[in-house]
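A.B. asks: Structure below; questions to follow.
The values are calculated or read from the model by the stated rules, or taken from the named source; none is laboratory data. Just so we're clear, the structure is a prediction, and the values are computed from it rather than from any experiment. Because the Cβ atoms are built from the backbone with ideal geometry, glycine has one as well, and the counts that use them run over all protein chains shown. Heads up: the accessible areas ignore ligands, DNA and RNA and are worked out on the full protein's heavy atoms, side chains in. Shrake-Rupley method; radii C 1.70, N 1.55, O 1.52, S 1.80 Å.
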Amino acid sequence: MTIEQYIDALPKAELHLHIEGTFEPELMFEMAQRNQVSIPYASVEEVKQAYQFHNLQSFLDIYYAGASVLLHEQDFYDLAMAYFQRCYEDNVVHTEIFFDPQTHTHRGVSFGVVINGLSKACQDAKKQYGISSELIMCFLRHLPQDDAIKTLEQAKPFLSLIKGVGLDSSELGFPPELFSDVFQQAKELGLMRVAHAGEEGPASYVWGALDALDVSRIDHGVRSQEDDVLMQRLVDEQIPLTVCPLSNLALKVVNHLKHHNLKKMLDKGVCVTINSDDPAYFGGYMNANFYQITHALNLSKDDVKQLCLNSFKASSLSQEEKTYWYERIEAVSQHD
Ligand code: HPA
Ligand code: ZN
């Protein structure tokens, strides 16, 4: 098997994926028309040309603008089903999907519309493709904690549909400690907790996410490498990092994939995983991320296998389900 065939054949879990970031320009255009929402682009080509980013904020501005065409339950359903189709094509068998409720509720779209559309898609993805999934609601860190607390209140009637909470949006200047109360409330409700940290922000934000928010995974976390004590903690406690190579390249967290620290962290024993973050904006879904980082860093088949094993280990699946997927990964690698 070539390394690409090997990547294709291995089952994978995706743990860092914003559903609003899977909005392909064609679907965005179609939805803008059917909902009669105007977007500042004349054609699909123009949308694609706008996708030149120089940092996280320049991306977020466009990402929030794109989300403005989502109005009805059906829109959220269609968006998620289009993503599940990509999962199926890339052999992603389990996915934990982020959504940003505040991006929608602030435009007058109710929490129920968002969660019902997404969770119906999750049910249908299980039926149509056999893909398991969870939903994680992220708080926008550029908004005050009070707004996050209100959002958690709005989520209460739907808690059976929500696995956990996360923290995303503009990182610099918004350290995790600002959200310790709402994360404490989420913990008391029995929700899993994750947070973006150490993407553009310093290693101290990763400490903050672990200590003030009590998260079980760090999203991105690539700047953890700047702090040896933190690195040792990530290894000792096997705290997973959900790394997103093509996102890091597009947002200039790294200037070339050859300079990405994924392999260094993997070799040190950090539980690193590969994910696509906002694939419609950053140039590729799961397997594209695998292919490109594999070539840039000259990853071996053993590295690729480890990354896939890590994706299940770091997931919220039961031990029994994890064992099932570990065995499937073994079977693919024996066959090679
Ligand atoms: N970082 C912060 N916020 C985000 C991201 C990200 O990578 N993607 C979508 N919202
Ligand atoms: Zn992200």
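A.B. asks: Working only within segment 253-283, note down all residues that are within 16 Å of ligand 1 (Cβ to nearest atom), small (Gly, Ala, Ser) and open to solvent by 10 Å² or more (accessible area, probe 1.4 Å).
C.D. replies: The answer is 280, 283.
A.B. asks: Which members of segment 56-101 meet the condition of being of a type in the set (D, E, K, R) and either within 16 Å of ligand 2 (Cβ to nearest atom) or out of contact with any Phe, Trp or Tyr (no Cβ under 6 Å at 6 or more places or on another chain) (or both)? Give the steps one after another, and end with the answer.
C.D. replies: Quick first cut of segment 56-101, residues of a type in the set (D, E, K, R) only: 61, 73, 75, 78, 86, 89-90, 96, 100.
Listed by number, the residues that qualify are 61, 73, 75, 78, 89, 96, 100.
A.B. asks: Hey, residue 239 hits all of (1) surrounded by 21 or more Cβ atoms within 10 Å (Cβ to Cβ); (2) free of Cβ contacts under 8 Å to residues at least 40 places away in the same chain; (3) part of a helix (DSSP H, G or I) but one; which does it fall short on?
C.D. replies: (3)
A.B. asks: Six or more apart or on different chains, Cβ under 8 Å: which pairs go from a residue in segment 158-173 that's in a loop (DSSP other than H, G, I, E, B) to one that's at pLDDT below 95 and surrounded by fewer than 17 Cβ atoms within 10 Å (Cβ to Cβ)? Could you list them?
C.D. replies: 170/57
A.B. asks: Same structure, new question: Can you pull out the residues in segment 226-236 that are surrounded by fewer than 18 Cβ atoms within 10 Å (Cβ to Cβ), assigned to a helix (DSSP H, G or I) and touching a residue at least 12 places away in the same chain (Cβ under 8 Å)? If you could, list the steps in order and put the result at the bottom.
C.D. replies: At the first step, the residues of segment 226-236 found to be surrounded by fewer than 18 Cβ atoms within 10 Å (Cβ to Cβ) are 226-229, 232-233, 235-236.
Retained after the next criterion (residues that are assigned to a helix (DSSP H, G or I)): 226, 228-229, 232-233, 235-236.
Correct list: 226, 233, 235.
A.B. asks: For segment 115-140, name all the residues that are without any contact (Cβ under 8 Å) to a residue 40 or more places away in the chain and within 16 Å of ligand 1 (Cβ to nearest atom).
C.D. replies: Selection gives 135, 137.
A.B. asks: Could you tell me which of the residues 280, 314, 288, 296 is small (Gly, Ala, Ser) and either within 14 Å of ligand 2 (Cβ to nearest atom) or free of Cβ contacts under 8 Å to residues at least 12 places away in the same chain (or both)?
C.D. replies: Working: 314 fails: either within 14 Å of ligand 2 (Cβ to nearest atom) or free of Cβ contacts under 8 Å to residues at least 12 places away in the same chain (or both); 288 fails: either within 14 Å of ligand 2 (Cβ to nearest atom) or free of Cβ contacts under 8 Å to residues at least 12 places away in the same chain (or both); 296 fails: either within 14 Å of ligand 2 (Cβ to nearest atom) or free of Cβ contacts under 8 Å to residues at least 12 places away in the same chain (or both).
None of the others qualify; the one that does is 280.
A.B. asks: Let me ask something else. Run residue 291 past the list (1) open to solvent by 20 Å² or more (accessible area, probe 1.4 Å); (2) within 16 Å of ligand 1 (Cβ to nearest atom); (3) among the hydroxyl-bearing types (Ser, Thr, Tyr) and report the number of the one that doesn't hold.
C.D. replies: Looking at each condition in turn, residue 291 falls short on (2).
A.B. asks: Which of the helices (runs of 4 or more DSSP H) contained wholly in segment 1-97 include at least 1 residues that are under 28 Å from residue 171 (Cα atoms) and either touching a residue at least 60 places away in the same chain (Cβ under 8 Å) or touching a Pro at 6+ places or on another chain (Cβ under 8 Å) (or both)? So that I can check it myself, show each step before the final result.
C.D. replies: On the way: elements: 3-9, 25-35, 44-50, 56-67, 73-89.
By residue number, 25-35, 44-50, 56-67, 73-89.
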